[in-house]
Every structure is written in C-alpha cells, then in structure tokens.
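Trainee: First the structure, then my questions, so here it is.
None of the figures in this text is laboratory data; all of them are computed from the coordinates on show. These numbers were taken from a predicted model, which means no experiment stands behind them. Quick reminder, even Gly has a Cβ in these numbers, built from the backbone with ideal geometry, and neighbours come from all protein chains shown.
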Amino acid sequence: MKTLNEMLVNSVEKFKDRPAFKVKKDQKFIAISFPEFYQRVRQFGTGLLELGFQPGDHIGLISENRLEWIISDLAIIGIGAVDVPASGNSYAKDISFKLNHSDSIASILEGEKVLNEYLKISSQLSNIKKLILLEPVTVFSEPEEIPQWAKSTPFQTDGKISKSFYKKVCSIINNNSLYLLVSEKAKFFLDQYLSEHAEELSASLNLAKGEGWEERLWQKIYSVKEGKIGGLPSIYSFSQVEEIGKKLLEKGDLRFVSQAKKAQPDDLITIIYTSGTTSDPKGVMLTHRNIMHNVNNLPKAVGDLNERDRFLSVLPSWHIYERTVEYCTISFGASTAYSKPFKQILLPDLLLEKPTLMCTVPRIWNTLYKGILDKIKKGSSLERWLFYKSLAIAKRYKKARRTLDNTWPLFDRDQFTPEEIAEAQKTVNRLSLPYRIVNKLVFKKIRDTLGGEAKFAISGGGALPEEIDLFFDAVDVLLLEGYGLTETSPVVAGRSQSNPIIFTVGEPIPETAVKIVDKEKHDLEMPHGQLGITMVKGDLVMKGYYKNENKTAEVLKDGWFNTGDLGKKTYNGKYLKIIGRIKDTIVLRGGENVEPQPLEDKLEESLYISMAIVVGQDKPRLGALIVPDFEAIKEYAHHNNISYQDNQDLIKKKEILSLFQQEQKRLISKEHGFQPYETVMGIALLPEEFSLEKGEITDSVKLKRFVIHEHYQKEIDRICGK
C-alpha cells in the first residue's frame, strides 16, 4: 500500500466486522466498527469539500487525542489537503506561530480552552477564514439564541444575574487571560447590571477606585450574533460539518472517494512542528510515502500483531509517534480505545479495556515505578523484605537468562566468554524455580494493574532509564523501547518481541539504513561500539522543513538525515543505543565532555526527585537544578518533624537540602558507572515544575535547556561557580 487513503479503504474491507475505535461513555468503552469509522471520515471530508476546502489547503488541527481528531486528520488527507497539528494545551504564541508560518487558511479547535487561547491572538491571524470546533463552547444566552457550535448557559434567573454568569464575570475581572462569550441579550443585561451594581461588585472583589476594571472587562467580552463571534471568521461545529457531508452522501455525492483515489505517494499530507528546544519550531513536511514506510514496516518489525489486539491510546495524537501507531493499528485491524495519561483515568481504563498493546513515554513508567516503590515503602517490614528479596532474585535470574539468550548487549566484544556462559547457566538452574514462584506470587499483582493481558508495551519519545528498564524486565513486563524523530515519520529502530535487547532501541526497522559517524567528520563512519552521531536513510526521512531550505540543507545530505543524536551500535553492529543530543553535551572548563541525559535519568530514579536538569557549560564543575517530588518530601518532613510554611520554605530547610545531597551522592557514583568528573557538585532545589507557559518545556515535555539556563542563571552560577 502506497497511501494512507488506500490503506484505510483496504482495512475497512478486510476488517469490516471488527471494532476500529472505542470511546468511553458512562464508564464503558463503546466500539465503532471499521465501516462506521470510515463513514464518518467520508461524511466529514465531504462536508469540508462543500465548505470550499481544496487539495493543497493547509488546515490547523489543535486538539488532544480523541476520535474526532483521527476522523478530521484522515478526512483532511482524503481531500488532498494538509493538516498542521498542535497540542490542545497550546498557548496563544505557539498557535499564532504555527498557523501563520504554515500558511493555514482554517483551523479545527478542540473546544473552550483552545478557543480562549485563539482569541488572544485572533487579530494576528488574518489568513484564517474558517474555524471548526470539535466540542461546543459556553455562550451566556437564551436557549433560542444559541448557534450550533455552542452550548447555552443562563445569564439571569428571575431577572437577577445567574450564579454562573456572576462567577464568570468575576473570573474575567481577576484573570486577564480569560474571555467571555455572550449573546446580544446577555451583553445588554450585563451592561444594565454593572450600571446598578458596579460599586458593590468592586467592593466584593477588593478593587481599588480608578483601577479601570470595567474597561478591561469589556475588552474581554465577545458578542455572539447570528452564529458569529465579533471579529472572528465563520465558525462551524464538527457535527455540523459531518451533517452537511452526511446529507450529500445520501444524495450520491462521490467527491470525497474520487479525490482520495487521486493521492500520490509523494503528496504532502502534514506539516508537524518540532519541539523547538533550541530555536523556533521547524515545520517537518511528511508525505504519504514517509508515513507508509512506518505503516508497512513497523508492525512486522515489532512482533505478533493482529486484528484481535486491543490498543489503549494515552498519548496525544498530534505527536507523530502516537499518530503513526494509530495508523498502524488501522492497517492490521486492531482496535484503539482512547484514554489519558493520568493515573485517575489510565489505571481504571487499563482494568476496563485490558489492552494487549500500549504506546507510552518513559515518564509513565517512571511514575509507575516510583508509585510501586512508594507503596512497598509504606507496607510492613515483612512485605518490604519479601519484595526486595524477590526483586533481587528476579534481576539476577533475568541477567543470566539474557546472557544465555544473547539479549544482553555487548559494546566492547562480540560474545560472552565460555566462563560467563557457564556461570549464567548455573544461576539460571539455581534460580529458575524461585523466580517462577516470586513471579507468580509477587509480580503478578504489578502486571494485573496493567490489565493483565498486555503482550508488551512500546516506550518511545525519550530515553528509557536503565534502572526502569531493569525493574520492569525483572517483574516480567515486556517493554520494547523504540527510537525515532518527527523527521523520520517517526520510528527508526525498535526492540522486537522475539529479540528484546535490553538497554538498546533494537534494530533498525526494515528498509531503513542507520550509521554512526564521527562528531566532526560526518563522512567518517565509527567502528561498532564507539560513540558518534546517528544518521538515517530511507523512505521514512522527511521531505524537508517547510519554508526553511537552509535548515533542511543542514540536516539532509545525499539522502542521509543527521538526527543530531549521539548513539552507538553493539559490537556486532546489529543493535542501536542512543545516549543523548549532540547539542546537549556539556563541556566543562577543564575540557571534559559530559552527556547530561544519563545523569538526569539516574537522578530521577530518586523517589524525592520529579525532574532534574544537569548544568555546567563552561563552568568548573557540574550542578543540577532539581524539581522535588513535593508529595514525597512533605511526607519526609512529616516523619522527621520538619516544620515549614510552603514549598519555598520547605526547600530551604537544611534537613531537606541534606536529603537531596545524599541522594545525588548515592546515585551519581563510581558504583553506578560514573566518572569522577561527572560528579554533581552542587544542587539547587526549585519551588515549582518547569513550565510550558514560561517556555521551559515543549508540548512533548522536552526540556528547553537554553531557556532554563536563562531563567536560572543565578542558581547555576552559585552551584557551578563562575
């Protein structure tokens, strides 16, 4: 299959009796069959054509993962247009940049939160001619005044201002980032209310006279008249566009199917903006050929996948990793159920759906790992002893088993010695029965929290820390770590179900070439086992960066894509290990080169550390900016009778600082394989997490190191020296 359109039609015909997607309603997952799903894609696509959209148009798609996302995506691609996805949690600046730079002429918005951000920069988006809302937004109005894309909320009750309207008005006055949508009647009512109760309202909110709050309030109010928001383009609801398409299809309209068949492998289908950790985001142009390389090759590279599999979606569909996996599940007939990566939602959904497959990021496993250890810590002394004894047995057994199976990676030699193999065989013989016992009695409880039927889980979107890798291997949860980038559609390599080489990202998937080259001389390939820059070649490599020929030329040469990632192959040349980003390398004043990622991964193993960033560029020594796990250190403070007022006060306590100094000495040590110059000499505890709003992290929760360095320069100078 050469296009996504062709793949979709093929799967609908092949798996017509199977569920394609599942959405949660009343605490149950409701299945949507392949034919039902395709019908909705056709309806929405036909509706888009009727609204005047044409092949080649660029359309924003700003939403989190949900059924309407994938319907919108495949409908846009079906009509030959190009979608420009972004997070449903995007801020105004990010939305403005992506829609403007991509030359989008319209945008699909998830709902109220995204619309609120859009309103902040609507005057900067004169190129946007239409908006489509996936879910209705609140408008204070009478029911008969409400447009199809909104839900009516009363502004008055028996002639008095309603509680919800009053509360919203107060929120607008107190928060300059919020907006208010009102009908003409509600606007008139509010004007009358303020003329009579302005002083009363001002006093209740402790507003000073002459503060100008009324003027600011009116600037935040948008009037809805005849189905339009003042100053904004035409607005449609998702269901409205679907209904338009449905009626046309019933009359025999075949435009969508006809247009979808015209697709060619090299047609552009999406522009995805990279995280922008070091500069403005770059628009990655991907074609049918790029995406179909993964769709055709990834399933057979991973393992046993078929139409009976149940996939639980927890990652955002705007990210190419999740998006491509959803395409893959369509291709082999599996179902996709939508969940969220929050434990109060995810854990019940795991038990409800009992997925056989799940795509995740390392943070999910890190959180689960810490949660398990925290629960064990709170148990009885006997329970703690039993768990850690079982874990020690499992780790020794699994390492020996991997030595015999040749699934433990070697970077300095080709194979294990006869003595090592003999010793591993003794360990397996001695621990085989104890391992089977603890695996059934102790570790089964952990697997049951994942639904109990998972064949494996794929981890991507970042490095999986070795301790996390070892732990879940020991408790018999099969994690298949993969590696890729937006520019490679995305998967380059991945562990397979039959050959899961721990601590690596496995083999390159079929029809993909990977080489490791010298950091300076890119035409010089490194010997196996040695570190260098990872280069990739194949149909998975992007067309280029949108409107950025210079950046494209920097990373693409003779068909090879420079990933910018430091990696090395095992000594036999088969398996790939990624170490970090070449741009993240810290060069100390003494000339030592330090890769921060392994240090950060190790620090984040601590139950007391939520996030860590190692710093020290051009400094005499390394330091670490640490965001504590405040729940854990508050519990520590309680047990150790440490009094404090707030988070800021807590992290200043000498006992707390001493705790973190002990943790970093324990973790960053010679025993864990770190060199003396990699020692973290100073730490700074931060009172809050790195923020998307402040530009310190990306939508995909990658650290923007250069921004963090700017924000915390004083702390860095203090802990690393000047």
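Yes/no matrix, rows are residues, columns are (1) among the charged types (D, E, K, R); (2) buried (at least 22 other Cβ atoms within 10 Å of the Cβ); (3) without any contact (Cβ under 8 Å) to a residue 12 or more places away in the chain; (4) closer than 23 Å to R323 by Cβ:
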position	(1), (2), (3), (4)
D94	yes, yes, no, yes
S104	no, yes, no, yes
S107	no, yes, no, yes
E110	yes, yes, no, yes
S123	no, no, no, no
I132	no, yes, no, yes
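Trainee: Strands (runs of 3 or more DSSP E) wholly in segment 503-589 with at least 1 residues that are among the aromatic types (F, W, Y) - which ones? Full working, then the answer.
Mentor: Working: elements: 513-517, 532-537, 560-569, 576-581.
Once the strands (runs of 3 or more DSSP E) in segment 503-589 are filtered for at least 1 residues that are among the aromatic types (F, W, Y), what remains is 560-569.
Trainee: Does segment 1-59 hold any residues that are part of a loop (DSSP other than H, G, I, E, B) and either among the basic types (K, R) or within 27 Å of the chain's Cα centre (by Cα) (or both), and which are they?
Mentor: Of segment 1-59, the ones part of a loop (DSSP other than H, G, I, E, B) are 1-3, 15-18, 26-27, 51-57.
Once the filter is applied, which keeps residues that are part of a loop (DSSP other than H, G, I, E, B) and either among the basic types (K, R) or within 27 Å of the chain's Cα centre (by Cα) (or both), segment 1-59 yields K2, T3, K16, R18, D26, Q27, D57.
For (1) closer than 23 Å to S390 by Cα; (2) without any contact (Cβ under 8 Å) to a residue 60 or more places away in the chain; (3) surrounded by fewer than 22 Cβ atoms within 10 Å (Cβ to Cβ), each residue gets a yes or a no:
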{"position": "I437", "(1), (2), (3)": "yes, yes, yes"}
{"position": "S459", "(1), (2), (3)": "no, no, no"}
{"position": "T488", "(1), (2), (3)": "no, no, no"}
{"position": "I533", "(1), (2), (3)": "no, yes, yes"}
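Trainee: Sticking with this one: If we scan segment 83-101, do we find a residue that is in a loop (DSSP other than H, G, I, E, B) and more than 20 Å from D699 (Cα to Cα)? Outline the logic, then answer.
Mentor: Within segment 83-101, the subset in a loop (DSSP other than H, G, I, E, B) is 87-91.
Remaining after also requiring more than 20 Å from D699 (Cα to Cα): none.
The answer is no, given that none of the residues of segment 83-101 is in a loop (DSSP other than H, G, I, E, B) and more than 20 Å from D699 (Cα to Cα).
Trainee: Also, quick follow-up: Take segment 341-380 and flag every residue that is assigned to a loop (DSSP other than H, G, I, E, B), free of Cβ contacts under 8 Å to residues at least 60 places away in the same chain and basic (K, R).
Mentor: Correct list: K378 only.
Trainee: Could you tell me whether segment 585-592 includes any residue that is hydrophobic (A, V, I, L, M, F, W, C), over 30 Å from L99 (Cβ atoms), out of contact with any helix residue (DSSP H, G or I) (no Cβ under 8 Å at 6 or more places or on another chain) and without any contact (Cβ under 8 Å) to a residue 60 or more places away in the chain?
Mentor: Just the residues of segment 585-592 that are hydrophobic (A, V, I, L, M, F, W, C), to begin with: 586-588.
Among the residues that remain, those that are also over 30 Å from L99 (Cβ atoms) are: 586-588.
With out of contact with any helix residue (DSSP H, G or I) (no Cβ under 8 Å at 6 or more places or on another chain) added as a condition, the list becomes 587.
Narrowing further to those that are without any contact (Cβ under 8 Å) to a residue 60 or more places away in the chain: 587.
Yes; the residues of segment 585-592 include at least one that is hydrophobic (A, V, I, L, M, F, W, C), over 30 Å from L99 (Cβ atoms), out of contact with any helix residue (DSSP H, G or I) (no Cβ under 8 Å at 6 or more places or on another chain) and without any contact (Cβ under 8 Å) to a residue 60 or more places away in the chain.
Trainee: When only residues in segment 62-78 that are crowded, with 23+ Cβ neighbours inside 10 Å and hydrophobic (A, V, I, L, M, F, W, C) count, which is farthest from F256 (Cα to Cα)?
Mentor: I62
Trainee: Hey, can you tell me all the residues within segment 387-426 that are in a loop (DSSP other than H, G, I, E, B), under 15 Å from I501 (Cα atoms) and of a type outside the set (V, I, T)?
Mentor: Of everything in segment 387-426, those that are in a loop (DSSP other than H, G, I, E, B), under 15 Å from I501 (Cα atoms) and of a type outside the set (V, I, T) turn out to be N406, W408, P409, L410, F411, D414, Q415, F416.
Trainee: I'd like to know if segment 657-665 contains one or more residues that are outside any helix (DSSP H, G or I) and either free of Cβ contacts under 8 Å to residues at least 40 places away in the same chain or hydroxyl-bearing (S, T, Y) (or both).
Mentor: Restricting attention to segment 657-665, the residues satisfying the condition of being outside any helix (DSSP H, G or I) are none.
Checking segment 657-665: not a single residue is outside any helix (DSSP H, G or I) and either free of Cβ contacts under 8 Å to residues at least 40 places away in the same chain or hydroxyl-bearing (S, T, Y) (or both).
Trainee: Related question: In segment 135-150, which residues are in a strand (DSSP E or B) and either of a type in the set (S, T, N, Q) or over 30 Å from the mean Cα position of the chain (by Cα) (or both)?
Mentor: Let us first name the residues in segment 135-150 that are in a strand (DSSP E or B), namely 137-140, 150.
Once the filter is applied, which keeps residues that are in a strand (DSSP E or B) and either of a type in the set (S, T, N, Q) or over 30 Å from the mean Cα position of the chain (by Cα) (or both), segment 135-150 yields T138, V139, F140.
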